[in-house]
Amino acid sequence: MCGIIGIIGKNQASELLIDGLRRLEYRGYDSTGIATVDDGILNRRRASGKIINLEKEILKKPISGTMGIGHTRWATHGVPSENNAHPHMTEKVAVVHNGIIENYRELADGLGLKPSDMESETDTEVIVHLLTQKLNDGKTPLQSVQEILPQLKGAFALCMIFSGHNNTMIGARVGSPLAIGVGDGETYFGSDALALAPYTQDICYLNDGDYVIATDDNIKIYDNSDKVVERPIVKTSLSGDSVGRGNYETFMEKEIHEQPTVIGDTLTSYIHPAKQTLTIPDLGVDFNKIEKITISACGTAYYAGLVAKYWIEKLTRIPVEIDVASEFRYREPPMFKNGVAIFVSQSGETMDTLEALRYCKKQNQKIISIVNVLESTIARESDAILQTQAGPEIGVASTKAFTTQLTVLLCLSLSIAKQIGKLDKKLEKEFVSALLELPSTISQVLAEADNIKAIAENVAKAKDVLFLGRGVNYPIAMEGALKLKEISYIHAEGYPAGEMKHGPIALIDDSVPIIASCPNDELFDKTAGNIQEAIARGGRVVFMSDSDGIAKMRKMTSTSFAEFCVPKINHLVAPILYSVPVQLLAYYCAFIKGTDIDQPRNLAKSVTVE
Ligand code: F6R
């Protein structure tokens, strides 16, 4: 959600803070701000909108000090505006906050604050007032923080600086992540390690409930019972270069084009290319004894899980229950004793997914997570982790994270089938070799990007778009629709093609493009039949299949349709390959419409609030 950066350094902090905020802008971008302590005095600059506005403000009114905090906001309480932008401050303390303080109204009432006493409409401001009261009572910054933290309900990461303290920063986390970077005589705070990558590779992750008091050369961490604790300092593989756009117009375009490489990297962790065998690490589960697998995730990651449901049930015959995490966690589903629960998350910080995980843990489920960020909370709270090797994903709309999640999930599905004796050596070889073809077949699709761009010229004019698929490709239709909605703001729905006749076919006319993902598999004739029904009613179809599928479709109808030819691929692996053309289609529609592709309106990456 929001991004936090803090620097206790040797040089002027404002430029470094802005640089850190730029790396965090993907987390939220409706307003930004920084505060520093200079000669014991707190200074602040804020601006609504993107970081460029804050830079202009600082150019007009420079701000000095070698220690400071910064924030890029995704609004939860209060509209995006300069007044609501962080840091919030009094003359005693400045605070940046990621997350939500659920009981802020009660806390404000407890302090006797009237709306007219508040500078903003945010939940964060109450923290500033709570701290100021303690400081006015003569408490030290650390004592003040220690006394107010137990009062705060919700999920939050905080970073705080205090007037009169040029070399002291305090951070705290409950729910939302916070990382500390340890430099050479410098200390950094960040809501993720990516923001800290240019400054240091030595990162210390706070545990849930921890708080920390830091100077330029020392950090002291306390757990939630106020006991001093040691947390390991780990080396991050991220570097300052991990987050460049290269020669691409946008991060999303770069990330779409990285897919052959990152899928290749991911495969190397889970298969032996020469022996053509699966090499998934031992997860400590005897799947012969498992009666049901539960999968939970949000958004794109949920669609990856939905594809996996088809794979696991088909390959292993173990029933799979899947639900979006925000529903799952409140539905309180009954669970088999000693079952397996799988969570899929790029960031590893999505609050709904994390809470669903915690629910399953309480139900004695074995927790397996598929995450991109190894140091994330979801990864750390899991019994076993299967990492996607997507690298940092900055574009808000997920692309390479999705296809690497699918890659891991297929390797996992095959491994479970192998463990329970439902996948013989010959089939294992066949599927592994199909997986190994992915990087080159995806490159072939990417090489045809201009054809998709031409199709997008038409689709971008539409108000509504329908994506269709069947079986294991039905979730790809939903993912295509989600991508189009997110970045082009065109209304889109993903539907199982067979359901058209039960309602949505009423929508069909020549103004509603229909994007059909239709691999030439055992369901081809059924799906193609559904598509023909739409064509017969004037629907403008974009038909995505391999050359044989397209030839068959041409024979089935005399009406012309737009087509995109996808390389032939094993049917089980097809959803991974067919994800790429729908990503490209969404990308080009947004490009043609001139939207802000990497930072679409109202969205943020890593949703750490409910
Ligand atoms: C869509 C998108 C979101 C995320 C969802 C879960 O393009 O990116 O739907 O997939 O918010 O995020 P993670 O995977 O970080 O848990």
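The values are calculated or read from the model by the stated rules, or taken from the named source; none is laboratory data. Owing to the predicted nature of the structure, the values given are computational and were not obtained by experimental measurement. Because the Cβ atoms are built from the backbone with ideal geometry, glycine has one as well, and the counts that use them run over all protein chains shown. The area values use the complete protein model at the heavy-atom level, side chains included, leaving out ligands, DNA and RNA. Shrake-Rupley method; radii C 1.70, N 1.55, O 1.52, S 1.80 Å.
Worth pointing out:
- Residues LYS220, LYS362, ordered by accessible area of protein heavy atoms at a 1.4 angstrom probe radius and largest first, appear as LYS362, LYS220.
- When the solvent-accessible area of the stretch 383-539 is split by element, carbon and sulfur atoms take up 49 percent of it, the probe being 1.4 Å.
- In this structure, ARG105 and SER433 have a Cβ-Cβ separation that, at R0 = 56 Å, corresponds to a calculated FRET efficiency of about 0.40.
- Set LYS483/LYS526; LYS309/LYS568; LYS254/LYS453; LYS153/LYS362 screened for pairs whose C-alpha atoms are more than 19 Å apart: LYS483/LYS526; LYS309/LYS568; LYS153/LYS362
- Heavy atoms of GLU119 accessible to a 1.4 Å probe, total area in Å² rounded to 10: 80 Å²
- 12 Å beta-carbon shell around ALA460, net charge (K/R +1, D/E -1): +3
- Each residue, LYS555 and LYS153, gets one label point 7 Å from its Cα in the Cβ direction; the gap between the two is 6.7 nm.
- Look at the dipole of the stretch 3-247 built from charges on Cβ: of VAL96, TRP74, LEU149, the Cα furthest out on the positive end belongs to TRP74.
- Cα centroid separation - the stretch 485-541 against the stretch 368-385, whole Å: 37 Å
- With contacts taken as Cα pairs under 8 Å and at least 6 residues apart, the stretch 149-196 reaches a relative contact order of 28 percent.
- Total charge dipole magnitude, the stretch 151-247, about the Cα centre, Cβ charges on Lys, Arg, Asp, Glu only, Debye to nearest 20: 300 debye
- The stretch 173-182 - phi-based ³J(HN,Hα) in whole Hz, Karplus 6.51/-1.76/1.60, Gly and Pro as x: 9, 9, x, 6, x, 8, 10, 10, x, 9
- Extension gain (nm, one decimal) between LYS60 and ASP202, 0.36 nm per residue minus Cα-Cα: 47.6 nm
- When the P(r) is computed for the stretch 3-247, the part past 24 Å accounts for 39% of the Cα-Cα pairs.
- Counting only DSSP beta bridges whose two residues both lie in the chain, roughly 65 percent are antiparallel.
- Shown here for the stretch 434-523: trypsin sites (Lys or Arg not before Pro) in loop regions (DSSP other than H, G, I, E, B) with at most 11 other Cβ atoms within 10 Å, namely LYS463.
- Computed with a 1.4 Å probe over protein heavy atoms only, the accessible area of ILE505 comes to about 40 Å².
- Under the shape rule built on the C-alpha gyration tensor, where the axes satisfy a ≥ b ≥ c, the stretch 285-439 is oblate, since a/c reaches at least 1.5 while a/b does not exceed b/c.
- Sequence of MET556, MET335, MET544 when ordered by accessible area, the most exposed leading, probe 1.4 angstrom: MET556, MET335, MET544
- Normalised by the number of residues in the stretch 239-340, the mean separation of alpha-carbon contacts (under 8 Å, six or more apart) gives a relative contact order of 22 percent.
- When the surface is traced with a 1.4 Å probe over the full set of protein chains, TYR330 keeps roughly 130 Å² accessible.
- Protein accessible area in the stretch 44-87, 1.4 Å probe - carbon and sulfur %: 54 percent
- Assigned charges on the beta-carbon of Lys, Arg, Asp, Glu; the stretch 264-431 dipole about Cα centre (debye): 560 debye
- Contour excess over end-to-end distance, with Cα ends at LYS275 and ASP510 and 0.36 nm allotted per residue: 79.5 nm
- The mean accessible area for residues of the chain, using a 1.4 Å probe and ignoring ligands and nucleic acids, is 38 Å² per residue.
- Relative to the Cα centre, the charge distribution of the chain, modelled as +1 at Lys and Arg Cβ and -1 at Asp and Glu Cβ, gives a dipole magnitude of about 1120 debye.
- Rounded to 0.05, the FRET efficiency of the ASP217 and THR261 pair, given R0 = 45 Å and the Cβ-Cβ distance, is 0.70.
- Farthest positive-ward along the chain dipole, Cα basis, beta-carbon charges - from THR353, PHE467, HIS491: PHE467
- For ILE52 and LYS453, the FRET efficiency from 1/(1 + (r/R0)^6), where r spans their Cβ atoms and R0 equals 30 Å, is about 0.60.
- Label point at SER443 placed 7 Å out along Cα→Cβ; residues across the stretch 389-420 whose backbone nitrogen lies under 12 Å: none
- In order through the stretch 52-60: 3J(HN,Hα) via Karplus (6.51 cos²θ - 1.76 cosθ + 1.60), integer Hz, x for Gly, Pro: 4, 5, 5, 4, 4, 4, 6, 4, 5
- Over the chain, volume per residue of the alpha carbon convex hull, in Å³: 158 Å³
- Relative to the current alpha-carbon distance between ASN364 and LYS426, full extension at 0.36 nm per residue lengthens the span by 18.7 nm.
- Think of the stretch 298-419 as having a plus end and a minus end, set by charges on the Cβ of Lys, Arg, Asp and Glu; of ASN364, VAL396, ILE378, ASN364 sits farthest toward the positive end of this dipole.
- Looking at the stretch 434-515 alone, DSSP beta bridges between its own residues are antiparallel in about 0 percent of cases.
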